[in-house]
1. If you average the sequence gap of Cα pairs under 8 Å that are 6 or more apart and divide by the length of region 104-219, what percent do you get for the contact order?
2. Just read off the accessible area of PHE84 with the full protein assembly in place, 1.4 Å probe, to the nearest 10 Å².
3. Which of LYS96/LYS209; LYS156/LYS210; LYS63/LYS123; LYS75/LYS123 have a Cα-Cα distance over 24 Å?
4. If packing is taken as the mean number of other Cβ atoms within 10 Å per residue, what is the order of 107-119, 66-78, highest first?
5. Can you list the residues of region 80-109 with backbone N under 17 Å from a point 7 Å past the Cα of THR60, pointing along Cα to Cβ?
6. If r is the Cβ-Cβ distance from THR176 to PHE78 and R0 is 51 Å, what FRET efficiency results, to the nearest 0.05?
7. Taking 7 Å along the Cα-to-C-beta vector as the label spot, tell me the LYS209-SER85 distance in nanometres, rounded to one decimal.
8. Counting Lys and Arg as +1 and Asp and Glu as -1, what is the net charge of the other residues whose Cβ lies under 13 Å from the Cβ of ARG129?
Amino acid sequence: MVALCVLLLIAAVAVFFVGRGRDGNGWKVGAAISALGGVLAGVFACVHVVNAYEVGVPVTFGKVGTPLTSGIHFKSPFTDVTSFSTRPVDLDLHDKDVVEVRSAQGGVLYADVTIKWTVVPSKAVALYRLAGTQEAIQERLVVPDSREIIRNVFAKHTSEEGYASAREQIGAQIETLVKQRLAPRGIDVTAVNLRNVKPSDQLQEQIDKKIQQEQATERAVEASRTAKAESERKRIEAEGIARANKIIEQSLTDKVLYNQCLDAYREAAKANPVYAVPCGTDSNGTPVIVDSTKKN
């Protein structure tokens, strides 16, 4: 814009001097228009508008000035203004940008992470000195620091914790450390989302084998538990039978057995023409079975 202003003013002067020695007002009108254009270009070169949700960093001949907030500002025509957005920016580390990490056991995992960050307006000058542009802030500061922290956090956990049991804890640790690292530089991290953690093919194969081994162990333990329970049941049953037999043995005397034998023969004689006659005078007598259907 400054160059245009200068050119228009030079053109106006040239047209004015050329047309002064000639008839007609065309040369004068052309000179006036060129001069007016030069003045307007100069005015616009001294005005800069910072859009909403942006902050501007003015630089004049290499000297960085005070940050410019949203609105209209007057500046030197030799001042360049670099704008930074203060809206949150989503940094998606997935697909080709996915973070490859290693667990404490050496297993390889792939972490998909989204980091939401924004520029702190009061630190815009410091960020300009560090990076220069919004894109450079992300590529030079946010991305490398975030990747480093993600790898360091996963390295303190086992593979199983990384992809399953401790994902929320790991995500919280990453968010805390990223905020602590970037805040002093003027970058406000509002959220870190650990969206997905995927084991590598080799690690997945190891996980599958471990699961199969654990399932086999569980089946063996269950079978051992069942066998032990069955053995215990049989032992209890055998002890019960033994105790019952011992009680019967203690309660059944010869006299009782002799009387039970007579009762059994009497019942049989009622239904059949057979009866029993005990021999002997005591309980040791041997019964004689008599069949009444046979005649002498």
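1. On the way: 118 pairs, mean separation 55.6, N = 116.
Computed value for region 104-219: 48 percent relative contact order.
2. PHE84 has an accessible surface of roughly 0 Å² with all protein chains in place.
3. On the way: LYS96/LYS209 29 Å; LYS156/LYS210 21 Å; LYS63/LYS123 16 Å; LYS75/LYS123 21 Å.
Pairs exceeding the cut-off: LYS96/LYS209.
4. On the way: 107-119: 19.5, 66-78: 13.8.
Those peptides, ordered most packed to least, come out 107-119, 66-78.
5. The answer is 80-82, whose backbone nitrogens lie closer than 17 Å to the label point.
6. Numbers: r = 45 Å, r/R0 = 0.88.
After rounding, the FRET efficiency stands at 0.70.
7. Going by the 7 Å Cα→Cβ label model, 4.8 nm.
8. On the way: positive: LYS63, LYS123, ARG140, ARG185; negative: none.
Surrounding charge for ARG129 is +4.
The values are calculated or read from the model by the stated rules, or taken from the named source; none is laboratory data. Note that the structure is a prediction, hence the values are computed from the model and not measured. Quick reminder, even Gly has a Cβ in these numbers, built from the backbone with ideal geometry, and neighbours come from all protein chains shown. Keep in mind that these areas ignore ligands, DNA and RNA; they rest on the heavy atoms of the full protein, side chains included. Shrake-Rupley method; radii C 1.70, N 1.55, O 1.52, S 1.80 Å.
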